[in-house]
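The values are calculated or read from the model by the stated rules, or taken from the named source; none is laboratory data. Predicted, not measured: the structure shown is a model, and the values here were computed from it. Methodologically, a virtual Cβ is constructed for each residue, glycine included, from the backbone with ideal geometry; neighbour enumeration extends over all protein chains shown. Quick note on the areas: whole protein, heavy atoms, side chains included, nothing else; ligands and nucleic acids left out. Shrake-Rupley method; radii C 1.70, N 1.55, O 1.52, S 1.80 Å.
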Amino acid sequence: MTSVAPAPTPILVLDRVHKAFADHTAVDNLSLAVPPGVIYGLLGPNGAGKTTTIRMIMDILQPDAGSVRLFGAPAGSRVHAGRIGYLPEERGLYRKMRVLDVLVFLGEMKGMERRRARRSAGEWLERLGLAQWRLRRIDELSKGMQQKVQFISTILHEPALVVLDEAFAGLDPVNAQVMKDVVLELRARGATILFSTHIMEQAEKLCEHVCIIARGRKLVDGPLGDIKRTRGGHHLVIAFDGSVGAAARVFADTTLVKKVDDYGQYAEVELAAGADPQRVLRDLVASGARLSRFELREPSLLKIFIDLVGPEAAQAGVRTDA
Amino acid sequence: MRKIWAIVRREFVERVRTRWFWIGALLGPVLFGVVFFLSGQLGRGGGVKRIAIVDGTTTRVGARLAEQLDQSGAFQAVRVPVADGVVDSLTAEVRTKRLDGFLIVTDAAIDSGKVEYRGSNVFAGKGVLQRPVGEALTVVRLERAGVDPQVVARAALPLRLETRKITRGETAGESAAQSFSLAYFMGTILYTAILLYGINVMSSVLEEKTTRMVEVLVSSLRPFQLLLGKILGVGAVSIFQFLIWGVAGRLLLARRARLAAGDVGGADELFQVPHVTGATFAIFMAYFLGGFFLYSAMFAAVGAMSSTEQEARQAQQPVAWMLVLSFISMFAMLNDPGSALAVTLSLVPFSSPVAMPVRWAAGNLPASEIVLSLAILVAAIGGVTWIAARIYRVGILMTGKRPNLKELLRWIRTA
């Protein structure tokens with residue numbers, strides 16, 4: 001982990017947080033720090049302890065050991081309720097209430113004044129195309145519309161920290177797009193976003209910082225670029241310009257190459273442990289090959305994730321300790 | 001504090017906005033009126049009015065009896081001389097509902113007092129006929145013994161027992177019928193309202209649990225604040241409901257007083273317009289609020305430990321039964337408000353919210369007993385709420401199967 005500039009005071013710090021339920025340990029000695037103004041991904045397969053971690057951050061569960069600090073203070077989330085927006089994994093709203101009333105009520109729960117909550121709710125409903133539904137009851141809305149309303153309720157009070165638990169799960173593509181745009185906009189305004197997911201492609205596109213956990217334990221965390229650099233550098237993409245020279249002999253050197261996918265004019269190479277990519281380049285040139293491309297490729301987040309978690313756990317998304 | 005207020009307002013506004021609230025508000029008094037009118041009707045003997053008297057006597061006894069019953073004004077009695085097939089034809093009359101029943105009188109009636117009644121409603125018939133027939137026979141016997149008919153008439157003058165309740169050493173203006181109807185009224189309303197609004201609290205807790213709204217709420221305010229706001233909000237709805245009922249009831253009773261002059265006189269004998277004093281009102285409200293807080297805390301705990309409506313319906317039964325029991329024993333208490341059972345029930349906090357107001361309305365109560373009962377009730381509210389809040393706190397975030405007793409005890413300990 002190579003952080004260059006001195007890190008600013010984190011908005012959220014978990015210090016050796018531990019939580020066990022009757023039959024298993026959900027979160028095991030987890031420490032992490034979320035710097036302000038970033039989109040932070042809490043990643044892990046299902047059952048890794050993401051929701052339990054988030055519930056402890058939100059003061060819904062108490063950790064057995066360790067501490068949670070929000071905005072530099074040890075107090076629970078309720079004290080900071082006005083500065084935090086929380087979208088739980090399982091969704092739901094009062095079914096018989098009117099859209100606007102639900103939003104105003106939830107705004108009040110965050111300490112907003114009624115009038116301000118009403119104005120802000122109106123603006124967001126307008127923006128997300130729900131203005132004409134404001135006086136309808138929640139159960140008259142489609143699933144997608146309800147999701148939008150709940151998302152509005154999370155960000156209505158302009159929170160400095162937005163916590164989204166599996167926010168994109170179950171969203172239709174249009175809503176997912178809307179939500180992504182809003183998340184990016186909040187981030188541009190200076191908000192910090194903590195979101196959990198088990199879908200790595202999504203996290204890769206959005207997150208600047210990630211923390212990967214499995215079975216309640218942290219496997220890696222830090223800025224995504226740093227992780228990729230330290231975890232990557234094992235893959236080469238090579239393209240030849242006519243002459244391949246004695247490339248086959250270079251690829252056969254097991255001290256250099258672990259695995260090769262050779263197409264003749266193109267090859268993907270996985271380096272052996274500790275091998276220097278520069279030596280591969282030198283050897284290829286020395287063997288008489290003409291190269292049009294020599295690229296050290298960063299692994300995808302998914303690849304890192306699978307390497308860390310193990311393919312079964314990552315794919316099946318089940319707890320392996322259960 | 002502002003957040004609790006927002007919870008209270010939401011519970012109140014959302015409930016009062018529903019159609020069901022207004023249906024209950026309007027239908028409640030009507031329903032009570034109907035129930036009272038019907039009980040009045042039942043008290044009158046199920047309408048045994050038109051009867052025939054099959055006269056198998058050799059003397060004038062049969063004719064005299066018919067005369068006496070007819071004159072009493074309560075019956076239309078016709079004398080029918082005994083003949084072949086007369087019983088069959090009268091039975092047919094009863095079946096076609098032209099007749100309510102008939103008496104068969106023979107000479108044996110004078111000596112052994114044996115009279116037979118056949119009719120569609122023999123239970124009511126027995127209740128209604130026993131006394132007038134007995135009195136009529138007495139008159140006939142006295143006449144046969146040669147007593148002066150004028151003396152007989154004076155001796156047969158019916159009794160009019162007037163009752164006045166003694167409250168704290170003073171004779172109140174209330175009659176027995178009034179106290180009875182007041183006690184009955186209060187018991188029924190207390191039982192219904194505590195049960196109804198307690199279950200309202202339960203379903204409100206359950207809704208937040210099943211929609212997972214509770215996660216968002218609990219991350220913004222403490223579970224106890226949420227519970228408190230909820231109970232206060234639903235409580236405010238019930239008081240609003242009472243207000244509507246009170247106004248509607250007053251209008252209805254004013255109207256009924258006018259009606260009473262007419263035909264419904266019989267109903268009035270048993271159920272009279274109760275005289276509600278300030279003290280009675282205070283007792284009613286104190287025990288309603290006490291009972292509501294006690295039971296809604298328990299119902300909230302039940303809602304918190306259930307995951308579905310069905311589970312909750314099952315789990316609430318033990319709580320509801322405590323209320324039902326105190327309601328059922330109301331009738332025994334009305335008979336003897338001073339009995340050991342009645343005293344016990346009015347001190348035990350789970351039954352006192354129904355039992356104590358009933359005893360208050362029915363009989364003479366020492367103030368010390370009320371103070372003791374209220375003190376126990378308040379203490380119980382403290383204890384029960386403490387336990388319920390702990391169950392609530394753990395339960396609202398739990399999903400899956402309902403906890404057993406052991407797990408529940410752990411919740412209470414660890415919360």
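Among the protein heavy atoms of the range B:295-357, carbon and sulfur supply 66% of the accessible surface, probe 1.4 Å, non-protein parts ignored. Both numbers refer to the Cα atoms of the range A:177-308; Rg and Dmax are 19.1, 56 Å. Over the C-alpha trace of the range B:305-358, radius of gyration and Dmax come out as 13.9, 44 angstrom. In this structure, the amide hydrogen of B:Arg50, modeled 1.01 Å from its nitrogen in the peptide plane, lies closer than 5 angstrom to those of B:Gln76, B:Asp100, counting only residues at least 5 positions away or on a different chain. Within the full protein context, the accessible area of B:Leu405 is estimated at about 130 Å² for a probe radius of 1.4 Å. Distances between placed amide hydrogens fall under 5 Å for A:Ala272 paired with A:Val257, A:Lys258, all partners being 5 or more residues away or on another chain. Here the range A:222-282 yields Rg over Rh of 1.03, to two decimals, using C-alpha coordinates and the Kirkwood radius. Within a straight-line Cα-Cα reach of under 28 Å, A:Lys19 can be paired with the following lysines, leaving aside sequence neighbours fewer than 8 residues apart in one chain: A:Lys50, A:Lys110, A:Lys218, B:Lys209, B:Lys401, B:Lys406.
Proximity of backbone amide H atoms, modeled 1.01 Å from N, is registered between A:Gly222 and A:Val210 at under 5 Å, excluding neighbours fewer than 5 places apart on the same chain.
Straight-line cross-link reach from B:Lys114 at under 27 Å between alpha-carbon atoms covers these lysines, not counting any fewer than eight positions away in the same chain: B:Lys49, B:Lys97, B:Lys126. Given +1 at the Cβ of Lys and Arg, -1 at the Cβ of Asp and Glu and no other charges, the dipole of the range A:1-109 around its Cα centre is 280 debye to the nearest 20. For the range A:103-112, backbone phi angles converted through the Karplus equation (6.51, -1.76, 1.60; θ = phi - 60°) give residue-by-residue couplings of 5, 5, 4, 5, x, 4, 4, 8, x, 6 Hz, Gly and Pro being listed as x. Rounded to the nearest 0.05, the FRET efficiency derived from the C-beta distance between B:Gln310 and A:Lys205 at R0 = 41 Å is 0.40.
Along the axis of the charge dipole computed for the protein assembly as shown (Cβ charges of +1 for Lys and Arg, -1 for Asp and Glu, origin at the Cα centre), the listed residues B:Val384, B:Phe102, A:Ala246 are led at the positive end by B:Val384. Phi-derived couplings, Karplus 6.51 cos²θ - 1.76 cosθ + 1.60 at θ = phi - 60°, listed residue by residue for the range A:272-280: 6, 4, x, 6, 8, x, 5, 5, 4 Hz, with x used for Gly and Pro. Computed from phi, the 3J(HN,Hα) profile of the range A:35-52 under the Karplus parametrisation 6.51, -1.76, 1.60 (θ = phi - 60°) reads x, x, x, 10, 9, 10, x, 9, 10, x, x, 4, x, 7, x, 5, 5, 4 Hz, with x in place of Gly and Pro.
Projected onto their three principal axes, the Cα atoms of the protein assembly as shown cover extents of 153, 60, 50 Å, largest first. Computed from point charges on the beta carbon alone (+1 for Lys and Arg, -1 for Asp and Glu), the dipole magnitude for the protein assembly as shown about its Cα centre is near 1340 Debye.
For every other residue with a beta carbon closer than 15 angstrom to the beta carbon of A:Gly72, add +1 if it is Lys or Arg and -1 if Asp or Glu, then tell me the sum. Before the final figure, lay out each step's value.
On the way: positive: A:Arg69, A:Arg83; negative: A:Asp15.
Here the charged neighbours net out to +1.
Bridging of A:Lys259 to aspartates and glutamates at a Cα separation below 12 Å is possible for A:Glu268, A:Glu270, once same-chain residues fewer than 8 apart are set aside. Of the three principal axes defined by the Cα atoms of the range A:158-230, the extents in descending order read 33, 27, 22 Å.
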